[in-house]
Amino acid sequence: MTGLGRIGRLVLIGAPFLWLLVFFLLPLLIVVKISLAESTIGIPPYTPLLANGNNSLEWRGTLANYALIAGDRIYLRAYLGSLGNAALATALCLLIGYPVAYAIARSRSVRRQLLVFLVIMPFWTSFLIRVYAWIAILEPQGLLNQLLFALGLVSAPLQLLNNQFSVQLGLVYSYLPFMVLPLYGSLSALDKSLVEAAADLGARPSQAFLTVILPLTLPGIAGGSLLVLIPATGEFVIPDLLGGPSTLMIGKVLWDEFFNNRDWPVAAAVAVVLVAALAIPLLAAQRFLEREQAA
Amino acid sequence: MASRAPGWLGPGILMLGFGFLYAPIVLLVLYSFNASRLVTVWGGLSPRWYGALFRNEAFGSAALTSLEVAAAAASLSLVLGTFAGFSMVRFTRFPGRLVFGFSLLAPLVVPEVILGLSLLLLFVTCQSWLGFPSRGMLTIILAHATFGACFVSVLVRAQLAGFDRALEEAALDLGARPWTVLIRITLPGISPALLAGWLLAFTLSLDDLVIASFVTGPSATTLPMAVFSSVRLGVSPEVNALATLFLTVVSLLVGLAGWLMARQERRRQMT
């Protein structure tokens, strides 16, 4: 709208812009800065990068934290483990989410609105509580083991909690709605006459799916995958509550480095490497969201 | 979509998918009424854990803190997010628009540990240079307002994109000043997004564990932090009761908001 005046425009753009500069972009730069510092005992628990030398300011930055991360296998394993877990969760979400989104898109309108509401509802309820709910189900004496035992499928309780399986299950469960919504978005925008044309021209359903439906819903697939992959890679709550001692995920490593070891510079370096590792998916996700907004 | 899939396939998939999404929540609610102390053994119906929950002072004071933080953060988010959403839709050219757009969307996907750590380091740096803010409720509010504003701006942008600008032009033609049009026409027109945005920012703040844990100080414990430390010690029936209450309140609020929006939509279609 024109006519709001220069000052009006300045306030409308400037207030949120300044806010994000101070509370989102500047903090990322500070993380980089502190990742170059050394850990020390004190408040704050890191050394300044510039210190008074004999006559002038002296540069005291160090790459030691990055050397530590590169040298210790545990960090590499945690990064790779997180990316692997997140990638598998993304694939499973896609495998489960696609048929669900497809079935929702094919439902009649009133029921479809209700189903979309049911997919969105978990966004509004507590993430922590939904992860926590699985503990009672997966415990050795938990509900799932009781069920399996009652059905005569197992004679001794299965170890379902605190391992790789429970972490994967938690990731898929928590992030499934993030996959279903973009998929539903692209499936409901699909021009049905194209699919009918393919059928009329003699394509089998599987052919029509692979050559028409799948390519046309690629934007939804890419968008959903990014919305699952990126946050799942840095996930903390799920590996902490459902994971065991063998679960190595970088979000938890960062948390422990910060809260348990109180080594802020190493935690900052872990964060910088994580952002760098996610830079390409992050930019792709931003472009996807930008296009969704424009549409 | 034409296909020769059997008729039971669609409903079957939906039942499996939504069963997976909702079964844990249903079980949680069910077991919050369990008389037994053991969370996985059914001992009959009882409201005893709700009584225990209300006598739990740690949860009580943490809940109050969380509600205050969430209300303040959601209100700040609403103002910032509305400004941001409006700017992105209506001002197509201004310096730094690309950076602005990026910082509005990136917080939606950046892992929480990164947001939490980076904000904490900002607050610590600020404190050593300027002497404020001290870590506690204020820093949690500032942190939550930041990502809340991003979510609000997404909803505002979506609603503004579908907003009929003829209404604004008509008002301008009739001699209304631009600010009057903004306040009397545009804002009421996007009120469903404003309501949904405030509620979303409120529930996101109420639910956040990771960012709050990083930026808080010894003075402020939020509800998710209290729940988390209790859950780490094992499953507790009181947490089941708390979760059920939380789900009930959120469902009612979201249902109410949905009903209000549907009513407004119907009214607009009638006029």
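Along its three principal directions, the equivalent ellipsoid of the stretch B:1-157 from the Cα gyration tensor extends over semi-axes of 39, 31, 13 Å, largest first. With N as its number of residues, the stretch B:91-231 has a Cα radius of gyration that, divided by 2.2 N^0.38 Å, comes to 1.32. A viscosity of 1.567 mPa s and a temperature of 4 °C, combined with the Kirkwood radius over Cα pairs in Stokes-Einstein, give a translational diffusion coefficient for the stretch A:46-103 of 83 µm²/s. A DSSP coil position with no more than 14 other Cβ atoms inside 10 Å describes the following trypsin sites (Lys or Arg not before Pro) in the stretch A:98-187: A:Arg108. In a reduced charge model with +1 at each Lys and Arg Cβ and -1 at each Asp and Glu Cβ, the stretch A:155-263 shows a dipole moment near 160 debye about its Cα centre. List the residue ranges in chain A for DSSP H helices whose C-alpha atoms run 15 angstrom or more along the long axis and whose Kyte-Doolittle average is -1.0 or above. In chain A, the long hydrophobic H runs are A:5-20, A:73-106, A:109-124, A:127-138, A:164-188, A:218-233, A:264-294. The B-A contact accounts for roughly 8800 square angstrom of buried accessible surface, both chains included, probe 1.4 angstrom.
From the alpha carbon centroid of the stretch A:143-210 to that of the stretch B:153-172 is 38 Å. Subtracting the Cα-Cα distance of B:Leu233 and B:Val79 from their residue separation scaled by 0.36 nm leaves 51.5 nm.
Charge dipole (Cα centre; +1 on Lys/Arg Cβ, -1 on Asp/Glu Cβ; no other charges) of chain B amounts to roughly 380 debye. With distances taken between every two different alpha-carbon atoms, chain A has a Kirkwood hydrodynamic radius of 22.9 Å.
For the peptides B:71-80, B:27-36, the ranking by mean Cβ contacts within 10 Å, running from highest to lowest, is B:71-80, B:27-36.
Think of chain B as having a plus end and a minus end, set by charges on the Cβ of Lys, Arg, Asp and Glu; of B:Gly175, B:Cys150, B:Leu253, B:Gly175 sits farthest toward the positive end of this dipole.
Atom-type composition of the exposed protein surface of chain A places 67 percent of the accessible area on carbon and sulfur (1.4 angstrom probe). Computed over all pairs of different Cα atoms, the Kirkwood value for the hydrodynamic radius of the stretch A:250-292 is 11.5 Å. Translational diffusion coefficient of the stretch A:90-140 (Stokes-Einstein, Kirkwood radius from Cα pairs, 25 °C, 0.890 mPa s): 190 µm²/s.
A cut-off of 5 Å between modelled amide H atoms, ignoring neighbours fewer than 5 places along the same chain, links B:Asn34 with B:Ser46.
Inter-chain Cβ neighbour count for B:7-14, averaged per residue, equals 4 (cutoff 10 Å, partner chain atoms only). Among the trypsin sites (Lys or Arg not before Pro) in the stretch B:6-67, those located in a DSSP loop and surrounded by at most 12 other Cβ atoms within 10 Å of their own Cβ are B:Arg37.
Accessible-area rank, largest first, for A:Lys33, A:Lys192, A:Lys252: A:Lys192, A:Lys33, A:Lys252, with all protein chains present and a 1.4 angstrom probe. When all alpha-carbon pairs of chain B are counted, what percent fall beyond 23 Å? So the portion of pairs separated by more than 23 Å is 65 percent. Distances between placed amide hydrogens fall under 5 Å for A:Tyr46 paired with A:Thr40, all partners being 5 or more residues away or on another chain. Using every pair of separate Cα atoms, the Kirkwood estimate puts the hydrodynamic radius of the stretch A:204-244 at 12.5 angstrom.
Can you give me the span-like helices of chain B, meaning DSSP H runs with 18 Å or more of Cα extent along the axis and Kyte-Doolittle mean at or above 1.0? Length and hydropathy pass: B:9-31, B:57-90, B:97-109, B:112-130, B:137-161, B:191-207.
Calculated translational diffusion coefficient of the protein assembly as shown (37 °C, 0.692 mPa s; Stokes-Einstein with Kirkwood radius over alpha-carbon pairs) equals 128 µm²/s. P(r) for the stretch A:129-264, please, calculated from all Cα pair distances in 5 Å bins and given in %. With 5 Å bins starting at 0, P(r) equals 2, 9, 13, 13, 12, 11, 10, 10, 9, 6, 3, 1, 0, 0.
The values are calculated or read from the model by the stated rules, or taken from the named source; none is laboratory data. Computed from a prediction, not measured in an experiment: that's the story for all the values here. Methodologically, a virtual Cβ is constructed for each residue, glycine included, from the backbone with ideal geometry; neighbour enumeration extends over all protein chains shown. Note: areas computed on protein heavy atoms with side chains; ligands, DNA, RNA excluded. Shrake-Rupley method; radii C 1.70, N 1.55, O 1.52, S 1.80 Å.
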